[in-house]
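I have placed the structure first, in the form of structure tokens, so that the comments after it can refer back to it.
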Amino acid sequence: MERKNVLSCIQPTGDIHLGNYLGAVKNWVDLQEKYDCTYGVVDYHAMTMPYKAEDLRKNTWKMVFQLLACGIKPENLFIQSLVPEHAELCWVLGNVCSFGELTRMTQFKDKSEQVKDTDKDAFISSGLFYYPVLQAADILIYHADYVPVGKDQIQHLELSRNIAQRFNHQFGKEYFTHPEPLLTKSAKIMSLANPLKKMSKSLGEKHYVNIFGEEARIRKQVKSAVTDTGDNPEGEMSAGVSNLFGLLIATNRQEAHDSLMEQYNAGSLRYSDLKGEVAEGLVALCSPIKERYDEVYADRKNIKRVIKQSSAEIRKRAAQTLAEVKEIAGIMNPR
Ligand code: TRP
């Protein structure tokens, strides 16, 4: 049987932290067994928010190194700006996407407010407004069957499906595949410092675990994890403790989880024991990833060449789609 196509992309805006890893990237790695996977580091998308040119290129490579360290296969990985067909397809698709549809995208509202929060006179680019069309191009150009995404991207994926449908309808040809979201039950990891909030870099340094960081820092962060937030009704587990138990599951420490849970239920659990196990689990999870990162980084010159090559290979598929699209839509192909 033919393998289905999976596609997903990540913006090169900072490091992969524990929440991203357990919530998304680990899943991407595992999907490579069962599907034909294509993963992109989408630097064109990162241009939609204020940024510095020298940082963007550096962060794009850093994201590539980190993904490889996590276990993404180099042949499945591309850098978006090395496949310029995405941008050209985006233009074509913009014409089968209505202005009204784009105005309904909630992420645009959130992100433009985020920009205004940092500076009330800040510049909101039309790129930010148009970005869901580029995302549709990312997905449709590889005829993706499945797109592993978080809940926050469901609306964009829905838009991609509508765009595919409208293109097919307008030109009277069942050309584009209708991509489906792949919502696997992956862990939702909360901040250790404020377990009522999802782990995120934007909350600040102490809120996220850097999986490429020093072991001592990981241990220290777990030690100072907030356990009682006073948010829980009588007899219910607090968000902080529940997050720590969740981390035991996510780091494959089922046995420790079960025995500590028994202690919790008996009212005899010592948080220091729970934290000790979580710290062991996280260190065991992160140290091979950090080790691989250091290897990849030491070999970065060669790795950059490899990823340019894989991007060139992936580009052939994108170019094929674009040529067909231009044919269908009545525009010219150079050859
Ligand atoms: N918009 C996604 C995000 O902000 C990133 C993204 C861009 C993406 N293109 C994509 C995700 C295509 C899945 C498929 O996280």
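The values are calculated or read from the model by the stated rules, or taken from the named source; none is laboratory data. From a predicted model like this one, the values you see are computed outputs, not experimental measurements. Positions of Cβ are backbone-derived with ideal geometry, glycine not excepted, and every protein chain shown enters the neighbour counts. Note: areas computed on protein heavy atoms with side chains; ligands, DNA, RNA excluded. Shrake-Rupley method; radii C 1.70, N 1.55, O 1.52, S 1.80 Å.
What full-extension length gain, to one decimal in nm, is calculated for Lys201 and Val283 as 0.36 nm per residue of separation minus the Cα-Cα distance? Walk me through the intermediate numbers first.
Values: separation 82, 0.36 × 82 = 29.52 nm, distance 1.96 nm.
Gain in length upon complete extension: 27.6 nm.
Ignoring everything except DSSP H segments at least 4 long, calculate the 222 nm mean residue ellipticity for the chain; use -39,500 (n - 2.57) per segment, divide by total residues, nearest 500.
Working: 13 runs with 180 residues, N = 335.
So the helix-based figure for the chain works out to -17500 deg cm²/dmol.
Counting only pairs 8 or more residues apart or on different chains, how many lysine pairs in region 201-294 have their Cα atoms under 15 Å apart?
Working: Lys206/Lys220; Lys206/Lys223; Lys220/Lys275; Lys223/Lys275.
Pairs that pass both the separation and distance tests number 4.
In the full protein assembly as shown, how much of Lys206 is accessible to a 1.4 Å probe, in Å² to the nearest 10?
For Lys206, solvent-accessible area is about 130 Å².
When the accessible area of region 201-294 is split by element with a 1.4 Å probe, what percent falls to carbon and sulfur?
Numbers: 2410 of 5150 Å².
Within region 201-294, the accessible surface is 47 percent carbon and sulfur.
Could you please put Leu82, Leu140 in sequence from largest to smallest accessible area, using a 1.4 Å probe? Don't skip to the end; give the middle numbers.
Values: Leu82 60, Leu140 5 Å².
Of Leu82, Leu140, the descending order of accessible area is Leu82, Leu140.
Scan around Gln11 for amide H atoms under 5 Å from its own, H built in the peptide plane at 1.01 Å from N, and keep only partners 5 or more places away or cross-chain.
Under 5 Å from the amide H of Gln11: Val42.
Please report, as a whole percent, how much of the solvent-accessible surface of region 1-110 comes from carbon and sulfur atoms (probe radius 1.4 Å). If you can, show how the numbers build up before the last one.
Working: 2570 of 4840 Å².
Heavy-atom surface of region 1-110 belonging to carbon and sulfur, 1.4 Å probe: 53 percent.
Compute, for region 201-294, the length of the dipole vector about the Cα centre, with Cβ point charges of +1 (Lys, Arg) and -1 (Asp, Glu) only. Units Debye, rounded to 20.
Numbers: 11 positive and 15 negative charges, 92 e Å.
Using Cβ point charges on Lys, Arg, Asp and Glu, region 201-294 gives about 440 debye.
What accessible area per residue, rounded to a whole number of Å², is obtained for the chain using a probe radius of 1.4 Å? Please list the in-between numbers first.
On the way: 17610 Å² over 335 residues.
Accessible area per residue, the chain: 53 Å².
What figure, in Å² to the nearest 10, do you get for the accessible area of Glu33 with a 1.4 Å probe and non-protein molecules left out?
140
At Asp294 and Lys188, where each label point lies 7 Å from the Cα along Cα→Cβ, what is the point-to-point distance in nanometres?
Taking the two extended label points, one gets 3.6 nm.
May I ask you to rank Cys37, Cys9 by accessible area, largest first, using a 1.4 Å probe over the protein chains only? Before the final figure, lay out the partial values.
Numbers: Cys37 10, Cys9 40 Å².
Descending order: Cys9, Cys37.
Quick check: with the 1.4 Å probe, what order do Thr106, Thr227 take by accessible area, largest first? List each step's numbers first, then the result.
Values: Thr106 70, Thr227 20 Å².
Accessible-area ranking of Thr106, Thr227, largest first: Thr106, Thr227.
Figure the gain on full extension for Thr103 and Phe123 (residue separation times 0.36 nm, minus the Cα-Cα span) and round it to one decimal in nm. Please report the intermediate quantities before stating the final value.
Working: separation 20, 0.36 × 20 = 7.20 nm, distance 1.77 nm.
Taking 0.36 nm per residue and subtracting the Cα distance, the gain is 5.4 nm.
Residues of region 305-335 with backbone nitrogen within less than 20 Å of a virtual label 7 Å along the Cα-to-Cβ line of Lys173, please, listed as ranges.
Inside the label zone: 316-335.
Tell me which residues come under 5 Å, amide H to amide H, from Lys4 once H is placed; ignore anything under 5 positions away on its chain.
Asp36
Please work out the FRET efficiency for the pair Met332 and Glu113, using the Cβ-Cβ distance as r and a Förster radius of 56 Å; give the result to the nearest 0.05. Present the calculation step by step, with values, prior to reporting the outcome.
Values: r = 41 Å, r/R0 = 0.73.
With R0 = 56 Å, the Cβ-Cβ based efficiency is 0.85.
Once the whole set of protein chains is in place, how much accessible area is left on Phe99, using a 1.4 Å probe, in Å² to the nearest 10?
Accessible surface of Phe99 is approximately 150 Å².
Would you mind estimating how fast the chain diffuses translationally, via Stokes-Einstein at 25 °C and 0.890 mPa s with the Kirkwood radius over Cα pairs, in µm²/s? Write out the running numbers ahead of the final one.
On the way: Rh = 21.7 Å.
D = 113 µm²/s.
Quickly work out the Ser242-to-Glu255 label distance, labels modelled 7 Å from Cα along the C-beta direction, and quote it in nm with one decimal.
Label-label distance for Glu255 and Ser242, simple model: 2.8 nm.
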